[in-house]
Amino acid sequence: MFIVVGERINTSRKKVQEAVANKDIQYIKDDVTRQQAAGAHYIDVNAGARIGHEKEDMEWLLKIIQETVTIPLCLDSPDPEILEMAYGMVKDRPMINSISLEKERYEAMAPFLKGKDCNVVALCMDDTGMPKNFEDVIERAKRLVKGLEDIAIDRESIFIDPLIQPISVDTSKGIMAIDSVSGIMKELPGVHTICGLSNISYGLPQRKIINRTFLSLLMYAGLDAAIIDPLDDKIMAALKTTEMLMGNDDYCVKYLKGVRAGQIVF
Amino acid sequence: MADFQNIIDTLIEGDQEKLLSLAQSALDEGISAKEILEKGLMAGMDIVGEKMEAEDMFIPEVLMCARAMTAVINNLLKPLLAAGDVSAAGKVIIGTVKGDLHDIGKNLVAMMLESAGFEVYNLGADILPDKYVEEIKDKNADILCMSALLTTTMPMMKVTIDAVSEAGLRDQVKVMIGGAPVSQDFAEQIGADGYASDAGSAIRLAKEIMKR
């Protein structure tokens, strides 16, 4: 099953930041209720944008969201202290977003993750920057999996993010990402791959058509999770249709149900 | 009379072969390399910057124009340009702040500033405040450009500005900032002189700032 992580609860989004600043409980409740109804499997919660308020904002958001939805949360912060608090607050096994190979980040996150029962997003980023080519991504993915397995995070709980880079700057970046996903899935059996899609379309017009077409290509390459906006009807329609076309929807039941519910639109 | 308009239009189309041949013809007619550079290529890139800001042109097209311009400069004009022929529009130090490795947008800004006639020192990514300070001193820079793509590294912009002030260089350089989470409000909060949302507007801002 393809896993959808809903990206909307992020205080760098203007409306969410306003809701947090004004303690607008109803806004957050409505948003996450709609995300779950639209098919999200996790709600990502990022409270990092109001500098100096991350801890209180995260606590406030988690409390409301937990009362509202029945799906687990994706705790999105680089700060292990905030993650420790958040981890203690959630009912269901969360996803932690994220660890990377950047030395400072790795050394902060590894002790936090050790022995925790959670899924982990692991970014193919190290101190030299973004991966330059396919080989770079695979090498970094292997290092991440080895490091996480060493601290008792099992492979099935690891979601490798190969890091999507803008195709506007270098037209080989689309194929690099596609090859990276299939390479990771082949060479590290059991592991998951995840990504945010929107980087691919940076610097180009009509970004949404690029993002959702790219999602279909990546799914065929083996991508089994994505951080997206579940309230974007068209990307969700592309996702369900791709699942059906790939033979992951017996008798096309989910696709047809989606059409009847008005969820498959073009 | 050289047809600078044709050079400008061809640059905007990003047609490298045609641009090379037009520049060669202009040289054959006796037009100076300096004039071709300033009235043709740089004038064309100005328009490219404006079009980019207006979302009439997009990154791949801008890169194509820059590639065509660079080909003309490297293959035809460089050997003919005397030192001091072209006075820089200003000296710019540019880099992504400490802790942040994102460099795509920052490199675009560097490239566009360069094609607009600025002397650009691109320090790269993950740059310590002290490094910026050292380079500002060393290059006697007019403008400091900083980029941050993460909410967690944005505060480093303020730290860097403070370091520049402490080194007594704040009156010498204007500070421009950019990056996805950065805004005009944030620029004002941390005491930067300006914010640009894309490479096109960065050029306009840099030129405007040099006049202040």
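Quick notes on this structure:
- Here B:Leu123, B:Leu108, B:Leu113 are screened, and the one residue that is assigned to a strand (DSSP E or B) and not hydroxyl-bearing (Ser, Thr, Tyr) is B:Leu123.
- Residue satisfying condition, being more than 29 Å from B:Lys51 (Cα to Cα), of a type in the set (Lys, Arg), away from chain B (no Cβ under 14 Å) and in contact (Cβ under 8 Å) with a residue 24 or more places away in the chain, within set A:Lys146, A:Lys208, A:Lys142: A:Lys142
- Selected residue (criterion: nearest to A:Asp150 (Cα to Cα)) from residues of the stretch A:67-109 that are within 14 Å of chain B (Cβ to nearest Cβ) and charged (D, E, K, R): A:Glu107
- Filter result for B:Glu134 (assigned to a helix (DSSP H, G or I) and over 30 Å from A:Arg13 (Cα atoms)): yes
- Condition met for B:Lys174 (touching a helix residue (DSSP H, G or I) at 6+ places or on another chain (Cβ under 7 Å), buried (at least 19 other Cβ atoms within 10 Å of the Cβ) and not assigned by TED's automatic domain parsing to the domain that holds B:Leu11): yes
- Residues satisfying the stated conditions in the stretch A:30-56, i.e. over 22 Å from A:Ile82 (Cα atoms) and of a type outside the set (Ser, Thr, Tyr): A:Asp30, A:Asp31, A:Arg34, A:Gln35, A:Gln36, A:Ala37, A:Ala38, A:Gly39, A:Ala40, A:His41
- Here B:Gly90 does not qualify as within 14 Å of the chain's Cα centre (by Cα) and either at pLDDT 95 or above or among the hydrophobic types (A, V, I, L, M, F, W, C) (or both).
- Residues that are more than 16 Å from the chain's Cα centre (by Cα) and either among the aliphatic types (A, V, I, L, M) or within 14 Å of another protein chain (Cβ to nearest Cβ) (or both) were ranked within the stretch A:211-235; the one that is farthest from A:Met1 (Cα to Cα) is A:Leu217.
- Which listed residue, of B:Met146, B:Met64, B:Met69, is more than 13 Å from chain A (Cβ to nearest Cβ), over 24 Å from B:Tyr195 (Cβ atoms) and either touching a residue at least 12 places away in the same chain (Cβ under 8 Å) or small (Gly, Ala, Ser) (or both): B:Met69
- Only residues that are more than 14 Å from chain A (Cβ to nearest Cβ), surrounded by 15 or more Cβ atoms within 10 Å (Cβ to Cβ) and closer than 14 Å to B:Gly191 by Cβ were counted in the stretch B:149-171, giving 6.
- Residue list for the stretch B:177-203, filter: assigned to a helix (DSSP H, G or I) and surrounded by fewer than 16 Cβ atoms within 10 Å (Cβ to Cβ): B:Gln184, B:Asp185, B:Glu188, B:Gln189
- Among the numbered conditions (1) at pLDDT 95 or above; (2) under 30 Å from B:Val159 (Cβ atoms); (3) more than 19 Å from the chain's Cα centre (by Cα), the only one that B:Gly99 does not meet is (1).
- Selection count, the stretch A:215-232, where residues are closer than 23 Å to A:Gly262 by Cα, without any contact (Cβ under 8 Å) to a residue 60 or more places away in the chain and either assigned to a helix (DSSP H, G or I) or hydrophobic (A, V, I, L, M, F, W, C) (or both): 2
- Whichever residue in the stretch A:112-139 is within 14 Å of another protein chain (Cβ to nearest Cβ) and under 18 Å from the mean Cα position of the chain (by Cα) and, among such residues, is nearest to A:Met85 (Cα to Cα): A:Leu123
- Count - residues of the stretch A:15-30 that are in contact (Cβ under 8 Å) with a residue 24 or more places away in the chain and under 18 Å from A:Leu231 (Cβ atoms): 3
- Residues that are modelled with pLDDT of 95 or more and surrounded by fewer than 19 Cβ atoms within 10 Å (Cβ to Cβ), drawn from the stretch A:186-207: A:Lys186, A:Glu187, A:Pro189, A:Gly190, A:Leu204, A:Pro205, A:Gln206, A:Arg207
- Of everything listed in (1) surrounded by 22 or more Cβ atoms within 10 Å (Cβ to Cβ); (2) farther than 29 Å from B:Leu41 by Cα; (3) not small (Gly, Ala, Ser), the single unmet condition for B:Met112 is (2).
- Checklist (1) within 14 Å of chain B (Cβ to nearest Cβ); (2) in a loop (DSSP other than H, G, I, E, B) applied to A:Gly247, failing item: (1)
The values are calculated or read from the model by the stated rules, or taken from the named source; none is laboratory data. What you see is a predicted model, and the numbers here were worked out from it, not measured in a lab. Note: ideal-geometry Cβ built from the backbone for every residue, glycine included; neighbour counts use all protein chains shown.
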